[in-house]
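Structure record follows, encoded as C-alpha cells.
Read-outs throughout are calculated quantities, based only on the coordinates presented, and are distinct from any laboratory measurement. Just so you know, these numbers come straight off a predicted model, no measurement behind them. Cβ atoms come from the backbone with ideal geometry, glycine included; neighbour counts cover every protein chain shown.
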Amino acid sequence: MNSTHRPCCWLLLFLSLGILIGHFLPLALPFWLWSSSLVVILFLFRPRVWPIYLALFCLGAALVHVAHPPAMDILQDWRGLLKQSLYQYTDAQEAGTLSAIILGDRSNIPKEINMIFRHTGTGHILVIAGLHMAMMTAIVVFVLKLVRIPRPGQAALSILLIFTYALLTSGSVPVMRAAFMASALLASFSLELESDALNSLAFAALMILLMDAGNLFDASFQLSFAAVAAIIILYSPLEKRLSFCPKWLAGALAVSTAAWIGITPFQIWHFGTIAPVALIANLFIVPLLDLTVALGLALALAGLWSSPIAWMIAGCLKVVFNLMVVVAFWFSKIPFGYIQLWQVPHFSYLTS
C-alpha cells in the first residue's frame, strides 16, 4: 500500500461528518444526497469511488439515530475465574487495580490509587488499550513462529485471540480500537503488504463508529484515537528534534510528548484538567506497567492450574506493582504537575 494512499482516512472523514451533521441537524434524506454529492465533487474524488463516500455520509447521519442493544457478554464466566485468581493471590487493593489493568473491570479500583494516577496524568494505565494488545500480539506471534505455523495462519490465529481477549475484557472503546488496529496490521503482514499505521488507525475508528455512531461523542473514543494519531504523526519529527539525547531516551520522550499533545485539548474540554507532569511521569511508570501487565496475565492464568507457580509470580508482581504506585505517588506531589482549571460534573478519567 502506498503510504500516501489512505482510503480508510477518507472513509472515516465522511462517516464522521455524517454522524456530526445527523446529530446536530436532523434534516431530511434529500439534503444528505445533494449536499454530500456536492462535497464529493468539491473534493474532486475519482468518479468511481464517490458513491462509497456518499453512502457512508448518509449512513453516518442515519446511524446516530439508531439504538444499539448492549452486546451479549459471552465470556463473563471466564472473566470471573481470572478475576478470582487475582484476588486469591494478591490483597484486595492490589487485586482491584490489577483487575482494571488486566481484565478491564474498573469497579473496585481504590479511590486513593485512582487519584494518584489521575494527578500524574497517567490514568490511562488503568484502562486496557494498545499496550495490552501489542503485548498479546507479540506473545502469540512468537509462540506460533516456534511451532512453524505459516504466516497467514499466524495472522488468523492472532486476530482470533486478540478479539477473544477484547471480549474477555468487556470490549471497551480503547480495547476495540487496539484490536481492530492490530488486526489490520496483522492482515497486511500476512499478505506481505506494506501497512500504514494512520490508515489502520482510521480503519479501527471506522469499525467502532459503524458498531455504534454514538462513540464519536464519547470521551474515551476521542482520547484514545487522539493519543495514537498524535504518536503516529508527531513521533518522527519530535525524535529528530531530540537527537541530542540518547536514542532510547529520545524515543521515549517523543512518544510521551506526542501522546500528551494529542490528548491535552480533549482532557481540558471534557475534564477541565491539564497534567504537565505526565510528560516525565510516563517515562518511569509505563515500563513498570509493561512488567505489571505481563506478570498480571501470567498470574491470572497460572492461578487456574498451578498454585505454587501462581504464588511465585504473585511475589514478583507485588514488588513491581507497588513500585509503580510509589513512583506515581512521588510524581503526584510535584507542585503544579496537575492543574484543575474548572470543575466538571461526573468527572471520570478514561483514556488509552
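Protection proxy ranking for 330-343, 155-168, 104-117, using the average of other Cβ atoms within 10 Å per residue and placing the highest first: 155-168, 104-117, 330-343.
The stretch between Ser243 and Asp77 holds 54.8 nm of extra length on full extension. This uses 0.36 nm per residue minus the Cα-Cα distance. Amide hydrogen proximity for Thr273: with H placed 1.01 Å from N in the peptide plane, the residues at 5 or more positions away or on another chain lying under 5 Å are Ile268, Leu341.
Using a simple spin-label model with pseudo-atoms 7 Å out from Cα toward Cβ, Leu160 and Ser307 lie 3.4 nm apart. Taking label points 7 Å from Cα along the Cα-to-Cβ direction, Ile268 and Arg151 give a separation of 4.5 nm. Think of each Lys and Arg Cβ as +1 and each Asp and Glu Cβ as -1; about the Cα centre, that makes the dipole of segment 211-352 roughly 400 debye. Inter-label distance, Cys316 to Leu341: 4.3 nm, where each label sits 7 Å from its Cα along the C-beta direction. A protection proxy built from the mean count of other Cβ atoms within 10 Å ranks the segments 13-20, 314-321, most packed first, as 13-20, 314-321. On the beta carbon distance between Ile280 and Leu13, with R0 = 35 Å, the FRET formula returns roughly 0.50.
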